[in-house]
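Please read the structure below before turning to the comments.
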Amino acid sequence: MRYLPKSDTERIEMLREIGATSIDDLFSVIPDEYRLERDLDIPRQMGESEVVEYFKAAAARNANGYASFLGAGAYRHYRPVIIDSLVQRGEFLTSYTPYQAEITQGTLQAIFEFQTMICELTGMDIANASMYDGSTGAAEAVMMAIRVTGRDDVLVARTVHPEYREVMHTYAQHQGHDAREVGYGPDGRIDLAALEQAVTEETACVLVQSPNFFGIIEDIPAIAEIAHKKNALLIVSIAEAVSLGIVRPPVEADIVSMEAQSFGVALSYGGPYCGVLAAKEKYLRQMPGRLVGETKDTQGRRGFVLTLSTREQHIRREKATSNICTNQALVALMTTIFLTVYGKQGMRELAEQNLAKAKYAANALGKQGRVLFAGTPRFHEFVLQTEEPAGQLNARLLEKKIIGGLPLEKWYPELGNATLWCATELTTKEQIDAAAAVIAGAPVAVSTR
Amino acid sequence: MMATTDRFTGTTRKVTAHLTQNEGLSFEKSSPGKKGYKLAPLDVPAVDAAALLGEAVRKDEPTLPELSEIEIIRHFTRLSTWNYAIDLGMYPLGSCTMKYNPRVNEFVSRLEGIAEAHPYQPESLSQGALGIIKLLQDCLMEITGMDAITLQPAAGAHGEFTGIMLVRAYHQSKGNPRKHVIIPDSAHGTNPATAATCGYQVVNLKSNAQGGVDVAALAQMVNEDTAAMMLTNPSTIGVFENEIHKIADVLHDKGALLYMDGANMNALVGKTRPGDFGADVMHLNLHKTFSTPHGGGGPGSGPVACKKTLEPFLPSPVLKQGSNGLLYWDYNRPQSVGRVRMLYGNFGMFVRALAYILANGPDGLRQTTEDAVLNANYIRRKLEDVYDLPYSTPSMHEVVFSDKRQTRNGVKTGDIAKRLIDYGFHPYTTSFPLIVPGALMIEPTESESREELDLFIDAMRQIAREVEENPELVTSAPHSTRVSRLDETTAARKPVLRWQAAGASEAVEIDSAAKEW
């Protein structure tokens with residue numbers, strides 16, 4: 001086997017030095033009846049070319065050459081080439097969690113830069129070194145709020161990504177608390193009057209998403225005021241991180257849970273992505289996950305270390321703030337490189353392009369249907385309501401190699417034939433016009449680039 | 001550089017000191033107006049963001065670096081050279097399985113049809129992705145001897161969470177979720193943290209004199225309130241629980257389940273199967289056993305495999321195959337514990353793990369396991385005369401020594417670990433498992449040649465001699481790194497967790513309850 005750096009002769013010599021006569025001696029502790037005496041029933045060993053061919057064939061059976069208007073928590077943005085060049089350096093790729101600070105300063109400094117950038121973007125004081133993704137990050141944020149407040153009532157907006165809400169319910173159900181949902185108003189935002197009624201002295205937190213699942217920007221200051229009046233925490237989930245280039249950061253929030261996939265991370269059929277938690281500094285003690293801090297070495301030189309680990313499972317065991325151990329470090333590095341590439345000006349320019357494309361798309365598609373919640377500020381997604389059932393409409397679009405908006409019926413049946421559309425800087429005017437033409441029933445030709 | 005002294009100072013054979021570049025934070029290198037990007041021109045009318053967004057428009061400018069592309073390349077390349085990595089040499093972290101991460105895995109995960117697949121694209125246009133998931137699931141079920149599986153969990157601890165949720169749902173379906181989970185004192189910290197997260201009390205089981213499960217003590221502990229036992233096999237001291245079936249029987253007799261922490265599965269693949277020896281549910285770490293890269297701490301992937309009885313409770317959705325042969329996600333799972341993560345899991349890691357399995361085949365995987373165990377036993381044989389071996393039970397894929405002999409000279413496991421750095425190795429795992437005071441937990445994996453092992457053994461033996469003759473050299477190590485030992489106490493007492501413009505970074509205020517740090 002080509003990954004194994006030993007000859008059979010070396011194996012025999014090593015066994016002899018150990019004092020074993022055969023390799024089976026080393027497995028003799030496994031009781032006979034549980035020893036596998038046959039080959040595993042899996043595909044035979046393949047040559048590298050065969051492995052590559054297998055995956056090329058699989059890749060060919062996925063969508064190829066389609067224009068796509070899908071978003072809904074997984075966004076297609078341009079990924080600068082140098083991200084991949086840099087994260088494929090073995091020193092980043094094949095390093096472990098930086099517990100041995102003297103020989104992992106590269107990873108540690110990069111995470112410190114990541115934490116700083118997340119604070120800058122979100123308006124929070126502290127950020128951790130990543131969570132699994134936006135959905136588990138939101139669930140962990142809720143757990144954190146419960147610990148901070150000592151209360152166990154949770155309110156969550158129905159405009160939060162439905163799958164985030166499902167994950168939160170899974171996390172919460174066995175902890176003696178569960179979430180109540182607060183609906184949305186005709187403007188596509190959380191119903192503030194309903195929220196005001198729902199928040200009580202027992203409410204640990206209010207979880208909203210902004211831009212929300214419909215792409216609408218929530219009125220964070222107003223929501224914060226309602227939550228804070230009853231001393232509940234406000235958690236703002238951000239599924240589309242690029243929005244922060246142009247959308248006011250949720251500075252009134254107590255905790256921000258963000259999915260940073262948009263920052264240069266491949267869609268990759270759903271993962272790995274990059275969750276992150278940021279918060280006001282007074283909640284530091286209850287923050288889950290790893291944190292990197294600056295310090296000095298014995299010579300007074302600057303260096304970075306994993307710190308405040310007494311919150312974590314390997315020290316605190318069952319009293320830890322979370323059971324999280326492995327996080328998404330390499331993906332966090334990708335987002336750090338992305339943010340370094342775009343920088344202060346680029347983030348704004350990029351976000352403005354997204355805004356412009358979505359505006360154009362909403363206008364173009366809106367002529368063939370109805371854009372819901374049209375008067376409320378939004379980022380780069382919108383809900384399109386059509387006469388035609390979503391399935392039928394999308395089937396017609398697929399014939400023209402266009403993947404249309406995500407049907408919402410499963411989660412929001414009250415919206416009828418509604419689809420969620422997303423346009424990013426990669427969506428072209430030609431693609432938008434083509435989609436509009438298909439919806440209108442006109443014949444079109446479309447290029448995917 | 002080594003400290004100059006008349007006393008014994010070892011000779012490093014693996015490494016030679018060389019220069020590394022200095023590099024500040026990206027923020028410190030930034031200057032206004034520099035750019036590392038160029039967007040395509042906008043092909044639709046530009047918009048007035050302030051008019052569109054009103055109050056919601058961003059008015060402040062986040063402080064992000066402004067750098068050109070070459071500076072960014074150098075910045076991160078320089079940082080990378082400050083890291084140790086498997087690609088540079090042996091990384092003997094016990095329980096972490098730092099094996100070679102094959103490059104073909106990276107290549108195939110980046111194929112356009114795979115990397116650009118949107119998770120909500122129609123299933124008819126996702127058959128390639130679903131096929132990869134199906135084949136990986138089938139392989140992992142065969143390897144573990146289990147009947148059902150979910151790939152949704154994002155890491156090992158997340159898999160534990162999912163597995164214990166399955167246990168809970170199973171008991172709940174019988175009318176009572178039960179109260180506690182039994183966990184040996186040798187377990188990873190994630191085990192008790194997981195049980196607590198799932199609403200269970202943790203009952204600690206003291207290990208027996210061999211470092212294994214005390215079956216008699218366990219039998220006394222298990223009752224109708226026991227939901228499960230979480231067991232790592234081989235244990236964290238690298239020992240196979242040879243009474244595993246008795247353990248399973250003791251649990252099953254009271255209706256409790258056996259959860260197996262699969263962190264150490266690299267010792268078992270192709271040689272024995274947890275499903276055959278009584279485990280009801282287990283997680284795997286694709287980033288350990290199945291060669292997906294650790295990436296400086298993630299991403300991982302923590303599939304959970306289980307017996308048929310637990311299948312109804314698996315997270316939704318579950319992959320199914322229709323009569324037309326097409327694969328699809330089944331969301332109609334009334335007994336499911338719910339989602340543990342959005343979408344389907346860390347798919348990019350599935351691709352890599354499957355590429356590893358295909359490149360190995362049954363013979364390669366078995367040989368891999370055998371080599372991993374061979375390497376650990378070789379190290380044990382070559383070091384047991386200089387380092388204390390607290391448990392003489394046969395080792396599987398890792399060996400755990402203690403610093404008992406070295407502490408007589410005031411040198412602890414952490415010091416020896418730091419000194420290993422000067423010899424060109426990443427340290428082993430220190431001070432774990434907790435049942436071994438001053439533990440040196442060494443897991444070489446199969447990826448080390450005899451030459452590399454011999455260099456490691458030579459380094460460890462020289463350090464042992466330094467401890468006898470020149471202990472200060474060891475307690476002040478490392479001497480060859482960019483930074484020496486870092487002040488972790490100040491880092492925790494006055495945390496500086498982000499860079500601040502203009503002037504020194506400031507420590508955040510911690511409330512008084514933080515004194516326990």
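The values are calculated or read from the model by the stated rules, or taken from the named source; none is laboratory data. This is a predicted model, so every value here is computed, not measured. Glycine gets a Cβ as well: all are built from the backbone with ideal geometry, and neighbour counts include every protein chain shown.
In this structure, does B:P41 turn out to be in contact (Cβ under 8 Å) with a residue 12 or more places away in the chain and not aliphatic (A, V, I, L, M)?
no
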Set A:T376, A:T386: member being of a type in the set (S, T, Y), outside the structural domain of A:R158 (by TED's automatic domain parsing) and farther than 20 Å from A:H161 by Cβ: A:T386
Give the number of residues within the stretch A:26-83 that are out of contact with any Leu (no Cβ under 9 Å at 6 or more places or on another chain), surrounded by fewer than 17 Cβ atoms within 10 Å (Cβ to Cβ) and more than 7 Å from chain B (Cβ to nearest Cβ). 11
Counting just the residues of the stretch B:475-511 that are assigned to a loop (DSSP other than H, G, I, E, B) and surrounded by fewer than 15 Cβ atoms within 10 Å (Cβ to Cβ), which one comes out modelled with the highest pLDDT? B:Q500
Suppose we filter B:L354, B:L365 for residues that are of a type outside the set (D, E), touching a residue at least 60 places away in the same chain (Cβ under 8 Å), under 17 Å from B:I149 (Cα atoms) and not in a loop (DSSP other than H, G, I, E, B); which single one remains? B:L354
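Looking at the stretch B:229-247, which of its residues are buried (at least 22 other Cβ atoms within 10 Å of the Cβ) and either small (G, A, S) or over 25 Å from the mean Cα position of the chain (by Cα) (or both)? Spell out the reasoning first.
From the stretch B:229-247, those buried (at least 22 other Cβ atoms within 10 Å of the Cβ) are B:229-241, B:244, B:247; that's our starting set.
B:S235, B:G238, B:I247 - these are the residues of the stretch B:229-247 that are buried (at least 22 other Cβ atoms within 10 Å of the Cβ) and either small (G, A, S) or over 25 Å from the mean Cα position of the chain (by Cα) (or both).
Report yes if A:L70 is closer than 30 Å to B:K246 by Cβ, aliphatic (A, V, I, L, M) and not in a helix (DSSP H, G or I), otherwise no.
No; evaluated as a whole, the condition is false for this residue.
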B:G424 fails exactly one of the following numbered conditions: (1) in contact with a helix residue (DSSP H, G or I) (Cβ under 6 Å, 6 or more places away or on another chain); (2) farther than 30 Å from B:N204 by Cα; (3) not charged (D, E, K, R). What is the number of that condition? (1)
Quick check on my filter: what residues within the stretch B:89-112 are more than 21 Å from A:M1 (Cα to Cα) and of a type in the set (A, V, I, L, M)? B:L93, B:L111
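Could you please find all residues in the stretch A:311-347 being in a helix (DSSP H, G or I) and among the hydroxyl-bearing types (S, T, Y)? Spell out the reasoning first.
Keep residues of the stretch A:311-347 that are in a helix (DSSP H, G or I), which gives A:311, A:313-319, A:329-347.
A:T335, A:T336, A:T340, A:Y342, listed by residue number.
Name the one entry in B:R78, B:R74, B:R58, B:R110 that is at pLDDT 95 or above and crowded, with 20+ Cβ neighbours inside 10 Å. Walk me through how you get there before you give the answer.
Details: B:R78 fails: crowded, with 20+ Cβ neighbours inside 10 Å; B:R74 fails: crowded, with 20+ Cβ neighbours inside 10 Å; B:R110 fails: crowded, with 20+ Cβ neighbours inside 10 Å.
None of the other options fit; the residue is B:R58.
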Given the conditions (1) surrounded by fewer than 20 Cβ atoms within 10 Å (Cβ to Cβ); (2) part of a strand (DSSP E or B), which single one is not true for A:L384? (1)
Pairs, first more than 7 Å from chain A (Cβ to nearest Cβ) in the stretch B:80-94, second among the hydroxyl-bearing types (S, T, Y), C-beta under 6 Å, six or more apart: B:P92/B:Y428; B:G94/B:Y428; B:G94/B:T429
Starting from residues that are aliphatic (A, V, I, L, M) and within 13 Å of another protein chain (Cβ to nearest Cβ), keep the ones in the stretch A:219-237 and report whichever is surrounded by the most Cβ atoms within 10 Å (Cβ to Cβ). A:V236
Residue tally, condition surrounded by fewer than 24 Cβ atoms within 10 Å (Cβ to Cβ) and under 30 Å from B:N83 (Cα atoms), over the stretch B:288-321: 0
Filter the stretch B:423-474 down to the residues that are in a helix (DSSP H, G or I), crowded, with 20+ Cβ neighbours inside 10 Å and within 25 Å of the chain's Cα centre (by Cα), then identify the one that is farthest from the other protein chains (Cβ to nearest Cβ). B:M460
Check on B:S392, at pLDDT below 95, surrounded by fewer than 20 Cβ atoms within 10 Å (Cβ to Cβ) and in contact with a helix residue (DSSP H, G or I) (Cβ under 9 Å, 6 or more places away or on another chain): no
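Do we have B:N285 as in a helix (DSSP H, G or I), surrounded by 24 or more Cβ atoms within 10 Å (Cβ to Cβ) and not β-branched (V, I, T) here?
Working: in a helix (DSSP H, G or I): no; surrounded by 24 or more Cβ atoms within 10 Å (Cβ to Cβ): yes; not β-branched (V, I, T): yes.
So B:N285 fails the test.
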Can you name the residue in the stretch B:114-134 that is of a type in the set (S, T, Y) and at the interface with chain A (Cβ under 7 Å from one of its Cβ atoms) and, of all such residues, is surrounded by the most Cβ atoms within 10 Å (Cβ to Cβ)? B:S126
Qualifying residues in the stretch B:233-273 (those that are among the β-branched types (V, I, T) and touching a residue at least 12 places away in the same chain (Cβ under 8 Å)) - the one nearest to B:A353 (Cα to Cα): B:V269
Among (1) aliphatic (A, V, I, L, M); (2) in contact with a strand residue (DSSP E or B) (Cβ under 6 Å, 6 or more places away or on another chain); (3) surrounded by fewer than 20 Cβ atoms within 10 Å (Cβ to Cβ), there is one condition B:L52 misses while meeting the rest; what is its number? (2)
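Condition test on A:A145, is it under 19 Å from the mean Cα position of the chain (by Cα), surrounded by 24 or more Cβ atoms within 10 Å (Cβ to Cβ), aliphatic (A, V, I, L, M) and in a helix (DSSP H, G or I)? Break it down stepwise before answering.
Numbers: under 19 Å from the mean Cα position of the chain (by Cα): no; surrounded by 24 or more Cβ atoms within 10 Å (Cβ to Cβ): yes; aliphatic (A, V, I, L, M): yes; in a helix (DSSP H, G or I): yes.
It is false that A:A145 is under 19 Å from the mean Cα position of the chain (by Cα), surrounded by 24 or more Cβ atoms within 10 Å (Cβ to Cβ), aliphatic (A, V, I, L, M) and in a helix (DSSP H, G or I).
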Out of the stretch A:118-139, which residues are outside any loop (DSSP other than H, G, I, E, B) and either more than 8 Å from chain B (Cβ to nearest Cβ) or within 20 Å of A:L308 (Cβ to Cβ) (or both)? A:I118, A:C119, A:T122, A:I126, A:A127, A:M131, A:G137, A:A138, A:A139
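If we keep just the residues of the stretch A:1-25 that are of a type in the set (V, I, T) and within 7 Å of chain B (Cβ to nearest Cβ), which is surrounded by the most Cβ atoms within 10 Å (Cβ to Cβ)?
As a first pass, look at the stretch A:1-25 and keep what is of a type in the set (V, I, T): A:9, A:12, A:18, A:21, A:23.
Now narrow it down to the ones that are within 7 Å of chain B (Cβ to nearest Cβ): A:18, A:23.
Details: A:I18: 17, A:I23: 20.
Here the residue is A:I23.
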State whether one or more residues within the stretch B:178-185 are under 23 Å from the mean Cα position of the chain (by Cα), closer than 20 Å to B:T232 by Cα and surrounded by fewer than 22 Cβ atoms within 10 Å (Cβ to Cβ). yes
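Within the stretch A:227-271, restricting attention to residues that are outside any loop (DSSP other than H, G, I, E, B) and among the polar types (S, T, N, Q), which residue is nearest to A:I126 (Cα to Cα)? Break it down stepwise before answering.
Of all residues in the stretch A:227-271, those outside any loop (DSSP other than H, G, I, E, B) come to A:227-229, A:233-238, A:241-245, A:247, A:255-259, A:268-270.
Imposing the further condition that a residue be among the polar types (S, T, N, Q) reduces the set to A:237, A:243, A:257, A:268.
Working: A:S237: 16, A:S243: 20, A:S257: 12, A:S268: 29 Å.
Restricting to residues being outside any loop (DSSP other than H, G, I, E, B) and among the polar types (S, T, N, Q), the top hit is A:S257.
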Just to be sure I understand, how many residues within the stretch A:295-345 are more than 30 Å from B:T197 (Cα to Cα), at the interface with another protein chain (Cβ under 7 Å from one of its Cβ atoms) and among the β-branched types (V, I, T)? 5
Against the definition (part of a loop (DSSP other than H, G, I, E, B), surrounded by fewer than 16 Cβ atoms within 10 Å (Cβ to Cβ) and modelled with pLDDT of 95 or more), how does B:K35 come out, yes or no? no
